[in-house]
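Shown next, in structure tokens, is the structure this report addresses.
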């Protein structure tokens, strides 16, 4: 299974690790148990009581070199791609290629509106992510869409030059493209950002 780590990549999640609440644990860090390394992909306070953190991680087998991340590739650096991942490193695009390798995640329409208040400069963003699949039915596209939604909905992501106030999934719609017969799942998100 694959999970969207950020708008720039997809990463495999293998474990959930519960730890006592502590400031400073964030995506991009690692846990180690013996020779096993667990790359932290998402950190959440499940009940917002500051008692525990749930860390979604990807555990790498130190003996399997095929699980190493691609060096120097901005889409995959540090994410941990491997051969059984549904969406590969070249499967995230800002447009669908003429001969796409599917499944693929494509950045669709984006609309940005002024959302400033009297004291803060802010923007409201509506973003569509499209999951393209050549599967016979909707299953593959829907599974990837569910994973993308579960990882992005109501998640705190760090941004350069702005603070993410909220990121919410609004809807998912599936369809079959009439000409190509590809399956498409469209996910619509709403994000609010403030200038920092």
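The values are calculated or read from the model by the stated rules, or taken from the named source; none is laboratory data. Model, not experiment: these values are computed from the prediction. Cβ coordinates were reconstructed from backbone atoms using ideal geometry, including for glycine residues, and neighbour counts include every protein chain displayed.
Which pairs have Cβ atoms under 6 Å, sit 6 or more apart or on different chains, and link a residue in the range 128-144 that is in a loop (DSSP other than H, G, I, E, B) to one that is surrounded by fewer than 17 Cβ atoms within 10 Å (Cβ to Cβ) and modelled with pLDDT of 90 or more?
Close Cβ pairs (under 6 Å, with a partner that is surrounded by fewer than 17 Cβ atoms within 10 Å (Cβ to Cβ) and modelled with pLDDT of 90 or more) amount to 138/174.
Residues of the range 82-109 being surrounded by fewer than 17 Cβ atoms within 10 Å (Cβ to Cβ) and at pLDDT 85 or above, which ones?
107, 108, 109
Would you check if there is a residue in the range 54-65 being part of a loop (DSSP other than H, G, I, E, B) and modelled with pLDDT of 55 or more?
no
Only one of these is in contact with a strand residue (DSSP E or B) (Cβ under 9 Å, 6 or more places away or on another chain), over 27 Å from residue 27 (Cβ atoms) and surrounded by fewer than 12 Cβ atoms within 10 Å (Cβ to Cβ): 176, 139. Name it. Reasoning before the result, please.
On the way: 176 fails: surrounded by fewer than 12 Cβ atoms within 10 Å (Cβ to Cβ).
Answer to the selection: 139.
For the range 98-112, give me each residue that is in contact with a helix residue (DSSP H, G or I) (Cβ under 9 Å, 6 or more places away or on another chain) and free of Cβ contacts under 8 Å to residues at least 24 places away in the same chain.
Hit for the range 98-112 is 101, nothing else.
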